[in-house]
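The values are calculated or read from the model by the stated rules, or taken from the named source; none is laboratory data. Predicted model, so just to flag it, every value in this text is computed and none were measured. When we count neighbours, we look across all protein chains shown, and the Cβ atoms used for this are built from the backbone with ideal geometry, even at glycine. All accessible areas refer to the heavy atoms of the entire protein, side chains included, with ligands and DNA or RNA removed. Shrake-Rupley method; radii C 1.70, N 1.55, O 1.52, S 1.80 Å.
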Amino acid sequence: MSRRAFGDVAKVFDEEAERAFGFLVTEYGLGGPDRRSIVGTGVAYTGSGLTYRVSLDPLEMTVDTRVVVKLGSWRLSASLGSVVVAAGLAAHNTLTVNAHNLNLFRKALESQAKCAREVHPFLAENPVELMRKAGAREWKL
């Protein structure tokens with residue numbers, strides 16, 4: 001796939017990601033979008049010990065959404081796809097990640113935003129159990 005098509009994706013990433021994930025602010029009251037806490041191209045939405053990080057990987061030409069739960073000095077981090085599967089909401093292949101061109105990128109964002117919307121109530125209810133079930137990486141700061 002051409003780097004030029006992916007270059008178009010990189011140019012509109014912030015605007016498109018903010019549009020797709022804006023519901024986290026309007027519907028769930030999370031703060032964001034925050035671009036400062038992401039290395040590379042990405043946006044983050046944070047609230048009540050829960051963060052969604054949406055990022056663009058230029059090497060793989062993919063979009064990735066990670067979920068991070070803070071527990072005092074502990075952090076749990078997992079891919080959104082793993083969390084959705086652990087919640088029993090969908091199969092892992094439901095979430096698309098391909099960002100080789102604008103059309104695929106927009107489909108990936110919509111897929112991931114839809115999954116985030118569906119899994120958020122489960123994360124609000126019992127985040128630690130769900131994150132551990134999703135195989136989250138855990139570390140102490």
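Within segment 3-140, what whole-number % of the accessible surface is contributed by carbon and sulfur, with the 1.4 Å probe and all protein chains included in the calculation?
Details: 3620 of 7100 Å².
For segment 3-140, the apolar C and S fraction of the accessible surface comes to 51 percent.
For segment 3-140, with only Lys/Arg (+1) and Asp/Glu (-1) charged at the beta-carbon, what is the dipole magnitude about the Cα centre, in debye rounded to 20?
Working: 18 positive and 15 negative charges, 62 e Å.
It comes to approximately 300 debye.
Just give me a number: lysine pairs in segment 3-140, eight or more positions apart or cross-chain, with C-alpha atoms less than 25 Å apart. Intermediate values should be presented prior to the final figure.
Working: LYS11/LYS107; LYS11/LYS114; LYS70/LYS114; LYS70/LYS133; LYS70/LYS140; LYS114/LYS133.
Taking segment 3-140 as the scope, the lysine pair count is 6.
I'd like the Karplus ³J(HN,Hα) series for segment 122-139: coefficients 6.51, -1.76, 1.60, θ = phi - 60°, whole numbers in Hz, and an x wherever there's a Gly or Pro.
Couplings: 5, 5, 5, 6, 8, x, 5, 4, 5, 5, 5, 4, 7, x, 4, 6, 10, 8 Hz.
Just to verify a number: FRET efficiency for LYS114 and TRP74, C-beta to C-beta distance, R0 = 30 Å, to 0.05? Intermediate results must be reported in sequence, preceding the final value.
Numbers: r = 29 Å, r/R0 = 0.97.
E(calc), rounded to 0.05, equals 0.55.
Taking the Cβ of LEU109 as the centre, find all other residues whose Cβ is under 12 Å away and add up their charges (Lys, Arg: +1; Asp, Glu: -1). The partial results should precede the final answer.
Numbers: positive: ARG19, ARG106, LYS107, LYS114; negative: ASP14, GLU15, GLU16, GLU18, ASP64, GLU110.
That sum, taken over residues with Cβ under 12 Å, equals -2.
How much accessible area per residue does the chain have, counting only protein heavy atoms and a probe of 1.4 Å, in square angstrom? Write down the numbers at each step before the final one.
On the way: 7430 Å² over 141 residues.
Here the per-residue accessible area is 53 Å².
Name the residue from ASN103, VAL85, GLY72 whose Cα lies farthest towards the positive end of the charge dipole of segment 7-141, charges +1 on Cβ of Lys and Arg and -1 on Cβ of Asp and Glu.
GLY72
Compute for segment 3-140: radius of gyration divided by Kirkwood radius, i.e. Rg/Rh, restricted to C-alpha atoms, rounded to two decimals.
Rounded to two decimals, Rg/Rh equals 0.95.
Compute the helix-to-body angle for 3-21: its Cα long axis versus the longest principal axis of the chain, expressed 0 to 90° and rounded to tens.
Compared with the principal axis, the helix lies near 40 degrees.
Mind checking segment 21-119 for GluC sites (Glu not before Pro) that DSSP puts in a loop (not H, G, I, E or B) and that have at most 11 other Cβ atoms within 10 Å?
Values: sites: GLU27, GLU60, GLU110, GLU118; in loops: GLU27, GLU60.
Listed in order of number, the matching sites are GLU27.
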